[in-house]
Structures are given as structure tokens and as C-alpha cells.
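Here the structure is laid out as C-alpha cells; the discussion comes afterwards.
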Amino acid sequence: MRLSRFFLPILKETPKEAEIVSHRLMLRAGMIRQEAAGIYAWLPLGLRVLKKIEAIVREEQNRAGAIELLMPTLQLADLWRESGRYDAYGPEMLRIQDRHKRELLFGPTNEEMITEIFRGYIRSYKSLPLNLYHIQWKFRDEQRPRFGVMRGREFLMKDAYSFDIDEAGARRSYNRMFVAYLRTFARMGLKAIPMRAETGPIGGDLSHEFIVLAETGESGVYIDKDVLDLPVPDMDVDYDGDLTPIVKQWTTAYAATEDVHDGSRYEHEVPEERRVHTRGIEVGQIFYFGTKYSDSMKALVAGPDGIEQPIHGGSYGVGVSRLVGAIIEACHDETGIKWPDAVAPFAVAILNLKQGASDTDAACERLYRELSARGVDVLYDDTDQRAGAKFATADLIGIPWQVMVGPKGLAEGKVEIKRRSDGAREHVALEDAIARLM
Ligand code: ATP
Ligand code: MG
Ligand code: MG
Ligand code: MG
């Protein structure tokens with residue numbers, strides 16, 4: 001992409017309304033634009049990151065055996081009356097009427113709808129286990145939307161729903177999602193700690209929140225700092241095998257949100273030097289809720305004995321759009337964002353330090369052409385801004401690798417490569433730059 005033809009509305013001033021660094025940086029870097037409280041347009045740079053995060057979430061869900069579908073954003077109120085949640089959900093639910101005075105709502109979550117789909121087709125335990133997910137916009141009329149996309153009203157969520165014949169099966173499904181979440185967040189460069197959590201309005205008896213530690217987070221957390229060094233399962237983890245040892249390893253050391261914190265247990269189990277009391281951002285949550293929805297909505301299947309019984313369910317959410325903010329909270333410095341490679345909007349930025357000079361233009365064009373041909377996502381700053389402004393833009397938008405092409409270096413056949421994560425710089429020959437950045 002040539003920056004001269006891209007749409008990257010960088011803000012010079014720091015927006016006053018933004019209280020936390022990720023919100024400030026997203027506005028300054030031209031990633032989002034607020035259209036109403038908690039409702040954002042995703043500008044091209046922001047959308048690229050959102051799509052990268054979405055793709056990682058999807059890959060790891062698929063790897064764990066979940067099947068993607070897509071449910072609508074609008075749902076019938078009657079469906080929620082079946083489960084009893086239409087009245088119970090309260091003012092966070094956006095209720096809508098169509099021209100025929102039919103009551104609808106903008107989905108804040110999809111347990112009812114997926115249960116309705118399930119019961120429409122599945123009759124026998126032989127079709128189980130089944131895990132269906134989608135990545136869809138949700139609406140929750142949050143009392144206090146704030147921190148940009150971290151607490152929006154409209155936000156993108158991945159939500160998966162598992163169906164099993166009994167509790168033992170449901171726990172296996174739960175463990176698959178638990179492991180998939182460990183992998184998902186680690187791939188984005190995040191340390192997300194699974195913590196015992198309250199089950200809230202979704203209900204049930206087993207739940208973990210995945211929380212990224214950050215001072216600006218909204219949840220208070222208590223952990224044993226040993227959990228920070230546990231190994232994340234690698235790509236060939238066997239999702240059909242027994243995952244309980246992994247789950248056990250990750251749930252043995254103390255880690256709890258303040259809602260379920262048990263002070264005496266904490267003091268008893270965790271030696272003082274390992275206690276960490278801090279704040280964190282909830283980026284995902286998983287629940288086992290048993291037969292809560294299958295009882296009320298009559299999602300029954302025949303067991304091996306031929307007798308119909310309610311299925312055991314779980315639901316598993318990831319805050320896809322919240323993650324964009326959470327990653328910035330974890331990866332930035334005073335000059336801007338430092339995207340981890342896996343979610344970066346572009347892999348490489350080429351900065352032409354003397355636009356219009358034939359040697360720098362030619363070298364940049366060659367770099368741009370050859371890297372693009374090899375499938376590298378390149379942003380070529382071919383604008384006529386001065387060098388200082390180009391440096392500032394590249395640092396602000398956080399592209400992991402910058403290639404600086406100036407007349408001085410080129411006289412010796414060299415360009416400068418800078419790694420955004422630690423600022424390390426190196427002068428290399430033009431050819432070597434291409435090989436290095438592929
Ligand atoms: P919170 O405690 O932050 O209000 P929640 O517990 O209500 O979140 P869940 O129902 O568990 O949210 O939804 C799954 C995930 O969706 C959350 O873990 C979070 O990452 C994301 N999420 C929830 N609410 C919002 C929101 N208002 N804006 C952005 N992401 C959200
Ligand atoms: Mg909430
Ligand atoms: Mg929560
Ligand atoms: Mg939650």
C-alpha cells in the first residue's frame with residue numbers, strides 16, 4: 001500500500017476525551033472514529049488489525065474442533081421469553097420494534113438462538129459433541145461506555161457454544177476451549193491468565209475469565225505470580241486427547257478476580273513474595289452452564305438408552321474488538337504503538353527520506369515491488385512529508401519493521417532497518433534488506 005493513496009487520518013493533537021493510552025493511540029493513529037457513545041467506525045488501519053485478530057481467533061477455534069456459522073444480529077424477543085432472559089437481562093439489552101410491532105432485540109449474546117438452531121436438527125447423542133461458533137457484532141447498552149473499543153456498546157465478539165450428552169463430555173468441551181484460549185491470546189503476543197470467575201447473568205457453575213494484566217484494566221485480580229511463567233501448549237496439542245493435565249497446571253496456582261477472591265485461601269496458599277494484586281482486562285470468558293438452556297428451551301436428545309434428556313451446554317466468548325485496545329495497552333511506548341508481528345496492520349514500513357530524488361525513489365520502488373511480490377504486507381511512505389514526520393508516523397502506527405531509505409546510505413548501497421519493538425537499528429545492503437524482511 002502506498003501511503004499517498006491510503007486513508008490514514010493521523011491526529012496531531014492528543015484527543016482530550018480519551019482517558020487511557022490505547023484509546024488515545026487508536027484515535028491518533030486514525031484507527032477508529034466515534035460515531036456515537038460506544039459506537040465506532042473502523043477506519044482502514046484499525047480494520048486491518050481487527051481482521052488479523054479475528055483470523056487468529058478463527059484458526060484456533062477451528063483447530064480445537066469448533067465449527068463456524070453466522071447468526072443474525074437481530075433476534076426475536078419471544079426466543080428470549082422462552083429462556084426467561086427477556087425480562088431478566090435488563091437495560092443493557094437494546095429492544096427494537098419493527099413496522100409490524102414485532103418485538104426484536106439486538107443480540108448481546110446468542111445462547112437462546114444457538115439452542116433454537118440445535119434443537120431444530122439434533123435428535124441423538126450420536127451427533128455429539130458439537131461446538132458451533134460465530135464472530136458477530138453484539139450490542140450491549142453499557143451504562144458507561146468508555147475507553148474506546150474496550151467498553152463499547154457495539155462490539156465484535158467470538159462466541160462459541162458446546163453441546164454434550166453429559167457433564168463429563170461438557171467438561172471435555174470446556175477444556176478444549178480453555179486450551180484454545182491459551183493459544184489464541186499467546187499468538188497475539190498477550191499473556192492472558194485464566195482466573196476463576198463468577199458466572200454472572202449467563203449462569204452455571206464453572207467459569208474462567210482470561211485476563212490481561214494492566215493497570216488500566218477494570219477488574220481487580222489476585223494472582224500467584226507463578227502463573228505468569230506457565231508454558232502455553234503448542235500447535236500440535238491433541239484436542240482429541242486428555243487435556244486435563246494442561247487445565248490442571250493452569251488452574252492450580254491461585255488466580256482469581258476480586259468478585260470471587262478468597263482472602264484467607266490466598267494468604268494460606270501463596271507466600272507473600274509471590275502475591276500480586278493488580279488490575280486486568282477481561283479478554284475472554286468461558287462457562288459451563290449445564291442444562292440451564294436445554295431445560296427451559298427443551299433441547300433434548302436421545303441417549304444410548306433411547307431416553308430423551310437435556311443436553312449439557314457451555315459458552316465461550318472472546319472480545320475481538322476489545323483485544324485491539326488490550327494489545328495496545330500491553331504494547332506501546334511514549335511515541336506510539338508497538339504491534340506484535342501477528343496482528344500488525346502492515347509488516348514493514350518503507351520510509352523514503354527524500355521523496356522525488358531519483359535514487360531513493362528507485363530503491364524504494366524496488367523494495368516495495370519485491371517485498372509485495374513475496375507476499376509481505378508493506379506500507380510505503382511515498383508522501384512528501386519531511387523525514388522527521390515520517391519517523392513519527394511510523395512509530396505512532398507501530399509497524400514492526402521500518403526500512404529507512406536515504407541518499408547518504410544509498411551512496412554506499414545501504415538502507416537502515418529499525419525494529420519497532422526495541423528500537424534496534426542496522427545498516428544493510430538493499431538486497432539483504434529484502435531477504436531479511438521476507
Ligand atoms: P465485562 O465484565 O467487561 O462487562 P462481560 O463479562 O459482560 O464483560 P461476556 O459476556 O463474558 O462479557 O462476553 C465475552 C467477552 O466479550 C468479554 O470477555 C469481553 O472481552 C467482551 N466484551 C464484553 N462486553 C464488552 C464491551 N462492552 N465492549 C467490548 N468488548 C466486550
Ligand atoms: Mg458486561
Ligand atoms: Mg465480566
Ligand atoms: Mg465475562
Mind listing just one residue for me: the one in segment 300-324 that is within 28 Å of the chain's Cα centre (by Cα) and open to solvent by 10 Å² or more (accessible area, probe 1.4 Å) and, of those, nearest to residue 32 (Cα to Cα)? 322
Let me spell it out: the conditions are (1) surrounded by fewer than 20 Cβ atoms within 10 Å (Cβ to Cβ); (2) assigned to a loop (DSSP other than H, G, I, E, B), and residue 190 meets all of them except one. Which number is the exception? (1)
Hey, among 148, 241, 169, which residue is on the phi > 0 side of the Ramachandran plot and either open to solvent by 10 Å² or more (accessible area, probe 1.4 Å) or in contact with a Leu (Cβ under 8 Å, 6 or more places away or on another chain) (or both)? 148
Among residues of segment 140-181 being over 30 Å from residue 328 (Cα atoms) and not in a helix (DSSP H, G or I), the residue nearest to ligand 4 (Cβ to nearest atom) is 162
Name the residues in segment 81-121 that are open to solvent by 20 Å² or more (accessible area, probe 1.4 Å), part of a strand (DSSP E or B) and among the aliphatic types (A, V, I, L, M), would you? 94, 96, 104
A careful count of residues in segment 383-438 that are surrounded by fewer than 18 Cβ atoms within 10 Å (Cβ to Cβ), of a type outside the set (D, E, K, R) and part of a strand (DSSP E or B) gives 2
Answer yes or no: is there a residue in segment 325-342 that is crowded, with 17+ Cβ neighbours inside 10 Å, away from ligand 1 (no atom under 16 Å from the Cβ) and among the basic types (Lys, Arg). yes
Filtering strands (runs of 3 or more DSSP E) wholly in segment 265-323 for at least 3 residues that are closer than 19 Å to residue 255 by Cα gives 275-290
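Results for (1) among the small types (Gly, Ala, Ser); (2) outside any helix (DSSP H, G or I); (3) exposed (fewer than 14 other Cβ atoms within 10 Å of the Cβ); (4) in contact with a His (Cβ under 6 Å, 6 or more places away or on another chain), shown as yes or no for each residue.
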| position | (1), (2), (3), (4) |
| --- | --- |
| 17 | no, yes, yes, no |
| 27 | no, no, no, no |
| 46 | yes, no, no, no |
| 49 | no, no, no, no |
| 55 | yes, no, yes, no |
| 62 | no, no, yes, no |
| 65 | yes, yes, no, no |
| 70 | no, yes, yes, yes |
| 75 | no, yes, no, no |
Filter segment 268-299 down to the residues that are more than 24 Å from the chain's Cα centre (by Cα) and either within 16 Å of ligand 3 (Cβ to nearest atom) or among the charged types (D, E, K, R) (or both) and list them by number. 269, 272, 273, 274, 275, 292, 295, 298
Among (1) open to solvent by 20 Å² or more (accessible area, probe 1.4 Å); (2) at pLDDT 95 or above, where does residue 206 come up short? (2)
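The values are calculated or read from the model by the stated rules, or taken from the named source; none is laboratory data. No experiment lies behind these values; they were computed from the predicted model shown. Positions of Cβ are backbone-derived with ideal geometry, glycine not excepted, and every protein chain shown enters the neighbour counts. Please note that ligands, DNA and RNA were not included when accessible areas were found on the heavy atoms of the full protein model with its side chains. Shrake-Rupley method; radii C 1.70, N 1.55, O 1.52, S 1.80 Å.
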